[in-house]
Each structure stands twice: as C-alpha cells, then as structure tokens.
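To start, the structure under review is shown below, and the notes come after it.
Every number in this text was worked out from the coordinates using simple rules, so none of it is lab data. The structure presented is a predicted model; accordingly, all values stated were derived computationally and were not measured. Here the Cβ positions follow ideal geometry from the backbone for every residue, glycine too, while neighbour counts run over all protein chains shown.
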C-alpha cells in the first residue's frame, strides 16, 4: 500500500465503470449461454482540470511513486464516496455472519426509524475489508433494523457486528497503466487523466 491519492486539486470529472467478467457463448441457433466469473470490480477514469506546476507536482510525484501498476493506494470519490441518504453519524453494523455470495445483509443501527437512510447507488464497504459494494435498493430502518441489498455478492464472508462504512468510503485501487503521461502546454499548464482499477 502506498498512501492516499491527494484530494487537491480535485477531479474535474470521473467515469465510473462496473466490470463483470462473464463467459458468453452463442450457438448457431442464437441461443445464449452465460457463465458468471463472480469477480466484479470497479474501474475509474479521472480527469483533472488544467493545473499549474505547483498544483501538478504533488499529483505527479504520487503517481510516479506507484511504480506503474505495482503499488496500490486508496482514493475517495468526491461526492460519491458518501451516502446520498439521510444517515449522518449513526453507527451501522451487521446482525449476522454473512457468507460469500450474500447480497441481502441484515443491519442494526440502535433503535432508529429512518426512511431513505441509505440510497440505491450509494457505495459502502465493511470495516477492515477492501472491496466496495453498491447498494441497489433504498435502505429504510425500522426500530433499528434494516436489510441492505448490495451488488456484487460478498467476495469474502463478513462476521456479525462488523461496521458499515458509508461516509468517505475509500476505494483501494492501482494504476491502470504502467506508463503515465503528463501533457504540458503554454505557461507551464499541465493536463492529466488517471486510469485506476479496484484492487481486490
């Protein structure tokens, strides 16, 4: 692990991709057969605004320190790494031990009643694990209990009492290319686009 990507300057735009490798065969009759690889991962293309030398230098230094795709690092997505729901500071934990592949996770959050606590499209992760999941249905708490539906299914089992991260969710990623190119133009203004892939 080689640090956390600097948050300043912020990305100008980010393309988020959900990758689901499958094996698909189509017969001459047109019948399709698909086998899932159960290996979903996130990838990102982040574009920076034009930067002067002092803004560009810490980004360039951090990227070079990664030695291409060799190292992994953490990254927070502006806006999207925090829930769009109504939860703010409430601790949320798992109720049961959940097996690999589970997509419906039982949650506990004290005794709160809260509709839209977490929203479909939110990113979450389980404390102590690297994998980030997406919530696919709104999560509503009643008397402190709720079910959280996620995709993909759990890549590792999760014990009961594990906390859910829903604010400033960190993605563990590595650079998508071993060659990194910085473009400079007039007045020492640099432009840069960063390709990253989730490290599992």
| In percent, how large is the relative contact order of the range 1-102, given Cα pairs closer than 8 Å and 6 or more residues apart? | 34
| remark: Going fewest to most other Cβ atoms within 10 Å around each Cβ, 198, 193 line up as 193, 198
| Do you know the relative contact order of the range 57-181, to the nearest whole percent, from alpha carbon pairs under 8 angstrom that are 6+ apart? | 36
| query | Taking Cα atoms, how many degrees apart are the long axis of helix 53-65 and the longest axis of the chain, rounded to 10 and kept between 0 and 90? | reply | 60
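How high is the relative contact order of the range 93-167, given as a whole-number percent (alpha carbon pairs under 8 Å, six or more residues apart)?
Working: 188 pairs, mean separation 33.0, N = 75.
It rounds to 44 percent for the range 93-167.
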| Within a Gaussian network of the chain (alpha carbon springs, distance under 10 Å), most fluctuating of 185, 101, 176 | 185
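Report the Rg/Rh value for the range 68-107, based on alpha-carbon coordinates and the Kirkwood definition of Rh. Each step should come with its number before you reach the end.
Values: Rg = 15.2 Å, Rh = 13.9 Å.
Across the range 68-107, the Cα-based Rg/Rh ratio is 1.10.
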| Convex hull (Cα only) mean projected area of the range 5-88, reported in nm² to one decimal | 9.7
| query | In what order do 139, 169 fall by count of nearby beta-carbon atoms within 10 Å, going from fewest to most? | reply | 169, 139
| said: Springs between alpha-carbon pairs under 10 angstrom, Gaussian network model over the chain: which of 61, 104, 187 fluctuates most? | reply: 187
| Taking N as the number of residues in the range 93-167, what is its Cα Rg relative to 2.2 N^0.38 Å? | 0.98
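Determine the calculated [θ] at 222 nm for the chain from helices alone, applying -39500 (n - 2.57) to every DSSP H run no shorter than 4 residues and normalising by the residue count; nearest 500 deg cm²/dmol. Please report the intermediate quantities before stating the final value.
Values: 1 runs with 13 residues, N = 200.
So the calculated ellipticity at 222 nm is -2000 deg cm²/dmol.
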